[in-house]
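Enquirer: Just passing along the structure, written as structure tokens.
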Amino acid sequence: MLGTDRVHAFIYVDPEARGGPGRLEGMTLGVKDTQPVAGMPWTYGSPKFRDRVATEDAIPVARARAEGAAILGKTNLPELAAAVGTTNELFPPTHNPWREGWTPGGSSGGSGAAVGAGLCTFATGDDMGGSIRIPASCCGVVGLRPSPGRVPTELPDPTRLSVRGPIARSVAAARLLFEVMSGEAAPELTSPRLRIGLVEESPIGMDPAVGAAVRRAAAALESAGHQVDRIAWDPIPVAEAYRVVRPASVSAMPGEPAEYGAAVRGLIEQGRALSARQYLEALAAGLAAVWDLGRDHDALLTPTLGLLPMRIEEVPTFLAEGWDAYTQFVLPVSFAGLPAVSVPAGLAGGLPVGVQLVGGYRQEWRLLALAEELEALDGFGFQAPPGFD
């Protein structure tokens, strides 16, 4: 068990956080430190922005504030959100609320840990290569990656891979925050039987407990009346494309690489050495590899991660050997531009494991309805870590 002061989910907490009337009255919101909150630090986990304080709210934060949420503070992340763990040179590493010394995932690891530990009602994240879904799986909570454009952002993203979304303890809470962040009310939906494509194997391989979790989910959904078909999955071309696209995405960061932490200097330098042609060819290759993903099914079911949460010091270096085994199920979905949600699927070795449901483009409401159906089945849904009820 970890005490709340040792999870290190927050890099800043507003001691005077107050909410107001609205749909989120009485609820608290943690905000990932990639997203500005007026009067609060906005560091990106980087020495370059150590002293920066935001002057206005991010659009979805302003919407949550207007609906009565108390903006509790800023959650931790790796520098420039460029890692699948949550460590940086400014703040202590964030721990998984289920086990001290284990990663909460990344890059929205502070948000995932804060929600899992019950330090806030829900939190925001952003997700380019899995940064909402990875910590949701590691911390045993729900994380929604919306379709591109559903939640507004103030910052341009030429890749169109990065999106903002909610992390919560339940699908219902994630849906509520997504309604507020997107500015769109959830419609009334029926519960049709769906054709679901199941991914239970990968050429990269996976932890046996991960495969067992997704097979349990498939059996549960079949028992609920859905049709489940096994489909092939090849994440390797997308991983190769991302090794070019991700450095390119940080190449325009201001200043010199030496002003940043050691973890991202090389990434920035690599990005600045790329030509526009190299970037565009890699992006096109990644998109081509997933152009028909999900075309023949109403939804897909995959593991969220290929591996279970690991010790903080064992988290693979970003884009290095071992990294693709961790991200093999989340990254293709990002390139496909589809919404996806990670749902808690029990424990393995005392640590959370998640499964990923993927929906059609801009079909978040139907996807969330399916996720809520799975969440209600035996063996799925949030469990509070010991000591964090």
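The values are calculated or read from the model by the stated rules, or taken from the named source; none is laboratory data. What you see is a predicted model; the values in this text were computed from it and never measured. Cβ sites come from the backbone with ideal geometry, for glycine too, and all protein chains shown count toward neighbours.
Enquirer: Report every pair of residues separated by at least 6 positions or lying on different chains whose Cβ atoms are under 6 Å apart, first residue within segment 256-267 and surrounded by 15 or more Cβ atoms within 10 Å (Cβ to Cβ), second β-branched (V, I, T).
Expert: Short answer, once both residue conditions are applied: P257/I268; L267/V250.
Enquirer: Could you list, in sequence order, all residues of segment 103-121 that are in a loop (DSSP other than H, G, I, E, B) and either out of contact with any helix residue (DSSP H, G or I) (no Cβ under 9 Å at 6 or more places or on another chain) or surrounded by 24 or more Cβ atoms within 10 Å (Cβ to Cβ) (or both)? Before you say what the answer is, go through the steps one by one.
Expert: Here is the first cut: in segment 103-121, the residues in a loop (DSSP other than H, G, I, E, B) are 103-108, 117-121.
Across segment 103-121, the qualifying residues are T103, P104, G105, G106, S107, S108, A117, C120.
Enquirer: If a residue has to be out of contact with any helix residue (DSSP H, G or I) (no Cβ under 6 Å at 6 or more places or on another chain) and among the aliphatic types (A, V, I, L, M) to count, how many in segment 309-331 make the cut?
Expert: Here is the first cut: in segment 309-331, the residues out of contact with any helix residue (DSSP H, G or I) (no Cβ under 6 Å at 6 or more places or on another chain) are 310-315, 317-318, 320-323, 325-329.
Adding the requirement that they be among the aliphatic types (A, V, I, L, M) leaves 310, 312, 315, 320, 325.
Of the residues in segment 309-331, 5 are out of contact with any helix residue (DSSP H, G or I) (no Cβ under 6 Å at 6 or more places or on another chain) and among the aliphatic types (A, V, I, L, M).
Enquirer: Could you check A220 against (1) in contact (Cβ under 8 Å) with a residue 60 or more places away in the chain; (2) under 30 Å from R63 (Cα atoms); (3) in a helix (DSSP H, G or I) and say which number it fails?
Expert: (2)
Enquirer: Also, I was wondering about something else. Residue by residue through segment 354-380, note down the ones that are touching a Pro at 6+ places or on another chain (Cβ under 8 Å) and either acidic (D, E) or buried (at least 20 other Cβ atoms within 10 Å of the Cβ) (or both).
Expert: G354, V355, Q356, V358, G359, E364, L367, E375, F380
Listed here are the residues, each with its yes/no results for (1) of a type in the set (K, R); (2) buried (at least 17 other Cβ atoms within 10 Å of the Cβ); (3) over 23 Å from P135 (Cα atoms); (4) touching a Phe, Trp or Tyr at 6+ places or on another chain (Cβ under 8 Å).
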{"position": "L283", "(1), (2), (3), (4)": "no, yes, yes, no"}
{"position": "A288", "(1), (2), (3), (4)": "no, no, yes, no"}
{"position": "G294", "(1), (2), (3), (4)": "no, yes, yes, no"}
{"position": "T304", "(1), (2), (3), (4)": "no, yes, no, yes"}
{"position": "P309", "(1), (2), (3), (4)": "no, yes, no, yes"}
{"position": "I312", "(1), (2), (3), (4)": "no, yes, no, yes"}
{"position": "F318", "(1), (2), (3), (4)": "no, yes, no, no"}
{"position": "V341", "(1), (2), (3), (4)": "no, yes, no, no"}
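Enquirer: Oh, and also: Taking the stated definitions as given, is E201 in contact (Cβ under 8 Å) with a residue 60 or more places away in the chain, more than 16 Å from L367 (Cβ to Cβ) and more than 18 Å from the chain's Cα centre (by Cα)?
Expert: Details: in contact (Cβ under 8 Å) with a residue 60 or more places away in the chain: no; more than 16 Å from L367 (Cβ to Cβ): yes; more than 18 Å from the chain's Cα centre (by Cα): yes.
Judged against the criteria, E201 is not a match.
Enquirer: From G26, G45, which residue is part of a loop (DSSP other than H, G, I, E, B) and within 23 Å of T153 (Cα to Cα)?
Expert: Testing whether each residue is part of a loop (DSSP other than H, G, I, E, B) and within 23 Å of T153 (Cα to Cα) leaves just G45.
Enquirer: Within segment 182-193, is there a residue that is out of contact with any helix residue (DSSP H, G or I) (no Cβ under 9 Å at 6 or more places or on another chain), surrounded by fewer than 20 Cβ atoms within 10 Å (Cβ to Cβ), among the hydrophobic types (A, V, I, L, M, F, W, C) and in contact (Cβ under 8 Å) with a residue 60 or more places away in the chain?
Expert: Looking through segment 182-193, none of the residues is out of contact with any helix residue (DSSP H, G or I) (no Cβ under 9 Å at 6 or more places or on another chain), surrounded by fewer than 20 Cβ atoms within 10 Å (Cβ to Cβ), among the hydrophobic types (A, V, I, L, M, F, W, C) and in contact (Cβ under 8 Å) with a residue 60 or more places away in the chain.
Enquirer: Is it true that G322 is at pLDDT below 95, more than 14 Å from the chain's Cα centre (by Cα) and surrounded by fewer than 20 Cβ atoms within 10 Å (Cβ to Cβ)?
Expert: Details: at pLDDT below 95: yes; more than 14 Å from the chain's Cα centre (by Cα): yes; surrounded by fewer than 20 Cβ atoms within 10 Å (Cβ to Cβ): yes.
Judged against the criteria, G322 is a match.
Enquirer: Still on this structure, I have one more. Of everything in segment 216-239, what is surrounded by 15 or more Cβ atoms within 10 Å (Cβ to Cβ) and of a type in the set (D, E, K, R)? Give them in sequence order.
Expert: Scanning segment 216-239 gives a single hit, R216.
Enquirer: Now for a separate question. Please determine, by comparing only the residues of segment 122-152 that are of a type outside the set (G, A, S) and part of a strand (DSSP E or B), which one is surrounded by the fewest Cβ atoms within 10 Å (Cβ to Cβ).
Expert: Step one: filter segment 122-152 for residues of a type outside the set (G, A, S), giving 122, 124, 126-128, 132-135, 138-139, 141-142, 144-146, 148, 150-152.
Okay, now just the ones that are also part of a strand (DSSP E or B), so 122, 124, 126-127, 142, 144-145.
Values: F122: 27, T124: 26, D126: 24, D127: 28, V142: 31, L144: 31, R145: 31.
Checking each candidate, the answer is D126.
Enquirer: I'd like to know if segment 50-67 contains one or more residues that are part of a loop (DSSP other than H, G, I, E, B), touching a Pro at 6+ places or on another chain (Cβ under 9 Å), of a type in the set (V, I, T) and under 11 Å from G106 (Cα atoms).
Expert: No - not one qualifying residue is present in segment 50-67.
Enquirer: Please tell me if G143 is more than 13 Å from L177 (Cβ to Cβ) and of a type outside the set (K, R). Quick ask: steps written out before the conclusion?
Expert: Working: more than 13 Å from L177 (Cβ to Cβ): no; of a type outside the set (K, R): yes.
Judged against the criteria, G143 is not a match.
Enquirer: Right, another one. When segment 176-198 is examined, which residues are found to be assigned to a helix (DSSP H, G or I) and either farther than 18 Å from R362 by Cβ or in contact with a Pro (Cβ under 8 Å, 6 or more places away or on another chain) (or both)? Walk me through how you get there before you give the answer.
Expert: Taking segment 176-198 as the starting set, the residues that turn out to be assigned to a helix (DSSP H, G or I) are 176-182.
The answer is L176, L177, F178, V180, M181, S182.
Enquirer: Which is closer than 30 Å to D378 by Cβ, at pLDDT 95 or above and part of a loop (DSSP other than H, G, I, E, B), of G225, G255? Give the derivation first.
Expert: Values: G255 fails: closer than 30 Å to D378 by Cβ.
One residue alone meets the criteria, G225.
Enquirer: A further question follows. Going through E89, E79, E100 one at a time, which residue ends up being in contact (Cβ under 8 Å) with a residue 60 or more places away in the chain, acidic (D, E) and surrounded by 21 or more Cβ atoms within 10 Å (Cβ to Cβ)?
Expert: Working: E89 fails: surrounded by 21 or more Cβ atoms within 10 Å (Cβ to Cβ); E100 fails: surrounded by 21 or more Cβ atoms within 10 Å (Cβ to Cβ).
Result: E79 is the single residue among E89, E79, E100 that is in contact (Cβ under 8 Å) with a residue 60 or more places away in the chain, acidic (D, E) and surrounded by 21 or more Cβ atoms within 10 Å (Cβ to Cβ).
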